[in-house]
Structure formats: C-alpha cells, structure tokens
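> Before I ask anything, let me first share the structure, which is written out below as structure tokens.
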Amino acid sequence: MAKDQFSFDIVSEVDLQEVRNAVDQTGRELSQRFDFKGTDTSITLGEGTIEMHSATEDRLKAAWQVLQERAVKRNIPLKALQAGAIEDAAKGTARQTVTIVTGISDEKTKEISKFVRQAVPKIQTQIQGAQVRVLGKSKDDLQSAIRAVKEHDFGLALQFTNYRP
C-alpha cells in the first residue's frame, strides 16, 4: 500500500458474547413472565444458531420479539439474526431456528465491491475472504464510500473497521 493511500475494511461481525447475554436475558424473561407460564417456551444458544421452542406458534413469535428487544439493547444488529420458518415439533409444539449471520458471503463481497466502485469511481476495492478492503487517495472519497454503503441495504449488518491513514 502506497504512503498516500487510505483504507478501511467492510466486515460483518457479531459480538457472540453479547448474543449469549441476550439469549440468557431472554430465557430469564420467558421463565418469569406470566404470559409464558405453562407454555414450555425455551431458548438455547447453539453453534451459530439460536433454537426456540414453545407449545404454540403464538408464544414462539412472542419469544422471538423478546429476543429482538434484548438484542437491540445489547447493540446486536437485527440483520445479524435471521429467523427461519416456524416448524411443527414433537407433541404439537413449535420450534424456530434463528441463524447468527457473521462474515460476508462470496457473492455479497462481489456485490458490495462492485457497488462501492460504481458509487465512488476514484477508489479501489479488494476482496479479502469474508471482507472488502476499500482503498482511496483521500479521506473524503472513503467517507463517501462509507456513506453510500450505509445508505444501501445489502441485507447484512455491516461495520467499517481498520481505518488506516
């Protein structure tokens, strides 16, 4: 990298400790709230997923809402939590799997890279695994790129890291 270039990385990361805390808080709230008594509603954190289980689909949706509220309070982007379909489980119960989305897929890195180059023609991008590095000669160009990415919805929770003057 030349001395007169600035750069930053576009990444999609989630603080898994905060996710764990949000799941724990949701579990405590589900066990204490009157409207969840007798519904056997539970929430567990797996490897990259959150499993929710309840006696009815209605209580499952309410548990999902509680999890979203806890996630927002812990600064976990809701785009990082993708709820799957509600499925029928054993004995007439319902379950739902929430996937914790981290990293940027190959096709999304290409889409972001192309979008950034079109939005701010003066800059360059490099795809580095699950992140996109943005390089430019001026801070203003990089700020324009950040602004453009923030205004466009890629369906991911994106962060901007490793800013290097």
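> May I ask you to list the residues in region 16-38 that are surrounded by 14 or more Cβ atoms within 10 Å (Cβ to Cβ) and in a loop (DSSP other than H, G, I, E, B)?
Within region 16-38, R33 is the sole residue that qualifies.
> Oh, and also: Say we look at region 1-15 and pick out the residues that are assigned to a loop (DSSP other than H, G, I, E, B) and of a type in the set (D, E); which of these is surrounded by the most Cβ atoms within 10 Å (Cβ to Cβ)? Can you show your working first?
Here is the first cut: in region 1-15, the residues assigned to a loop (DSSP other than H, G, I, E, B) are 1-5, 12-15.
If we keep only those that are of a type in the set (D, E) too, we end up with 4, 13, 15.
Values: D4: 7, E13: 16, D15: 14.
So, considering only residues that are assigned to a loop (DSSP other than H, G, I, E, B) and of a type in the set (D, E), the one surrounded by the most Cβ atoms within 10 Å (Cβ to Cβ) is E13.
> Those residues that are of a type outside the set (S, T, N, Q) and open to solvent by 80 Å² or more (accessible area, probe 1.4 Å), I need them from region 39-68; list them, please.
Filtering region 39-68 for residues of a type outside the set (S, T, N, Q) gives 40, 43, 45-48, 50-53, 55, 57-64, 66-67.
Answer for region 39-68, where residues must be of a type outside the set (S, T, N, Q) and open to solvent by 80 Å² or more (accessible area, probe 1.4 Å): D40, E47, E57, D58, K61.
> Then there is this: Can you tell me which residue in region 128-148 is least open to solvent (accessible area, probe 1.4 Å), limited to those that are out of contact with any Gly (no Cβ under 6 Å at 6 or more places or on another chain) and within 24 Å of L16 (Cα to Cα)? Before you say what the answer is, go through the steps one by one.
First, pick out the residues of region 128-148 that are out of contact with any Gly (no Cβ under 6 Å at 6 or more places or on another chain): 128-129, 131-141, 143-148.
With within 24 Å of L16 (Cα to Cα) added as a condition, the list becomes 128-129, 131-133.
Numbers: Q128: 69, G129: 53, Q131: 46, V132: 0, R133: 42 Å².
My answer is V132.
> Which residues, taken from region 39-74, are of a type in the set (D, E), over 14 Å from G27 (Cα atoms) and in a loop (DSSP other than H, G, I, E, B)? Reasoning before the result, please.
Within region 39-74, the first condition is being of a type in the set (D, E), and the residues that meet it are 40, 47, 51, 57-58, 69.
Add one more test, that the residue is over 14 Å from G27 (Cα atoms), and what stays is 47, 57-58.
Across region 39-74, the qualifying residue is only E47.
> In region 75-125, what residues are surrounded by 14 or more Cβ atoms within 10 Å (Cβ to Cβ), over 22 Å from the mean Cα position of the chain (by Cα) and not in a helix (DSSP H, G or I)?
A89, T93, A94, V120, I123, Q124, T125 - these are the residues of region 75-125 that are surrounded by 14 or more Cβ atoms within 10 Å (Cβ to Cβ), over 22 Å from the mean Cα position of the chain (by Cα) and not in a helix (DSSP H, G or I).
The values are calculated or read from the model by the stated rules, or taken from the named source; none is laboratory data. As the structure is a computational prediction, the values presented were derived from the model and not from experiment. Here Cβ is always computed from backbone atoms with ideal geometry, including for glycine, and neighbour counts include all displayed protein chains. Note: accessible area is taken over every heavy atom of the protein model, side chains too, but ligands, DNA and RNA are not part of it. Shrake-Rupley method; radii C 1.70, N 1.55, O 1.52, S 1.80 Å.
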